[in-house]
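Peer 1: Got a structure for you, questions after.
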Amino acid sequence: MDEQVKKMVDEGIMLPLMEDFYTIQGEGYHKGTAAYFIRVGGCDVGCHWCDVKESWNAAIHPPTHIDNIVKNAEKYSKTIVITGGEPLTWDMNPLTSLLKEKNFQIHIETSGAYKLTGKWDWICLSPKKIKLPEQEIYSVANELKMIIYNMDDFRFAEEQALKVNQNCKLYLQPEWSKREKMIPVIVDYIMKNPKWKVSLQTHKYLNIP
């Protein structure tokens, strides 16, 4: 990578953009909302069930100037979802500042494994056992989304729920490949523990991105 480009990536002026697209938010609190997704490459958390493993290697995604990212977003929704990969691998301050100037509502989906940067209207925290969140994000998370792949994930979910602020919405979401097995278990668990709600990947049922 060119040294000047590398400097701009390090500063968050350019980002390794995997894809950006207009769709319906399929998960969590804002499901059903029209939103423009910005998927940033780069992630070393390495969940074995990740459905976007092609996002992991930032080097294969072209560094894109944030001016161009925002220009594309302006054609669509005023709700932006920044996801990855792990978007907090990069400095999100420049991109979110520019989006704020344009009066966007900005959401992030993150494992919280890196320092929180950026200005956010909604923070969806989805912790992973492999690389735990930075402590600071628990106090500002709006939504805790726990992926349920096996029975031990309920223990981990409760552990993480103890760390978030009292206004944080709590969701249990079946990992897609295990949904038929885990959905009945999740339903039963939530009926016994009603502080939690179900999140489903409804975009996959709708066959949209």
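Peer 1: Does segment 140-153 include one or more residues that are basic (Lys, Arg) and under 15 Å from the mean Cα position of the chain (by Cα)?
Peer 2: Within segment 140-153 (the criterion being basic (Lys, Arg) and under 15 Å from the mean Cα position of the chain (by Cα)), the answer is yes, since at least one residue qualifies.
Peer 1: For segment 57-83, how many residues are under 25 Å from residue 173 (Cβ atoms) and at pLDDT 95 or above?
Peer 2: Result for segment 57-83: 5.
Peer 1: What number goes with the only condition from (1) surrounded by fewer than 20 Cβ atoms within 10 Å (Cβ to Cβ); (2) in contact with a Pro (Cβ under 7 Å, 6 or more places away or on another chain); (3) of a type outside the set (Phe, Trp, Tyr); (4) assigned to a loop (DSSP other than H, G, I, E, B) that residue 23 does not pass?
Peer 2: Just one mismatch for residue 23, condition (4).
Peer 1: Checking residue 49 against (1) buried (at least 21 other Cβ atoms within 10 Å of the Cβ); (2) modelled with pLDDT under 95, only one condition comes out false. Which one?
Peer 2: Only one criterion in (1) buried (at least 21 other Cβ atoms within 10 Å of the Cβ); (2) modelled with pLDDT under 95 is unmet by residue 49, namely (1).
Peer 1: If you check every pair at least six apart or on different chains, which have Cβ atoms under 7 Å apart with a residue in segment 186-209 that is at negative phi and aromatic (Phe, Trp, Tyr) first and a residue that is surrounded by 14 or more Cβ atoms within 10 Å (Cβ to Cβ) and part of a helix (DSSP H, G or I) second?
Peer 2: 189/154; 196/190
Peer 1: Can residue 164 be described as assigned to a loop (DSSP other than H, G, I, E, B) and either surrounded by 14 or more Cβ atoms within 10 Å (Cβ to Cβ) or at pLDDT 95 or above (or both)? Spell out the reasoning first.
Peer 2: Details: assigned to a loop (DSSP other than H, G, I, E, B): yes; either surrounded by 14 or more Cβ atoms within 10 Å (Cβ to Cβ) or at pLDDT 95 or above (or both): yes.
Against the criterion (assigned to a loop (DSSP other than H, G, I, E, B) and either surrounded by 14 or more Cβ atoms within 10 Å (Cβ to Cβ) or at pLDDT 95 or above (or both)), residue 164 qualifies.
Peer 1: Being part of a helix (DSSP H, G or I) and within 22 Å of the chain's Cα centre (by Cα) is the filter; apply it to segment 179-202 and report the residue that is surrounded by the most Cβ atoms within 10 Å (Cβ to Cβ).
Peer 2: Going through the qualifying residues, I end up with 182.
The values are calculated or read from the model by the stated rules, or taken from the named source; none is laboratory data. Please read these numbers as outputs of a predicted model, since none were measured by experiment. Ideal geometry is used to build each Cβ from the backbone, glycine not excepted, and the neighbour counts take in all protein chains shown.
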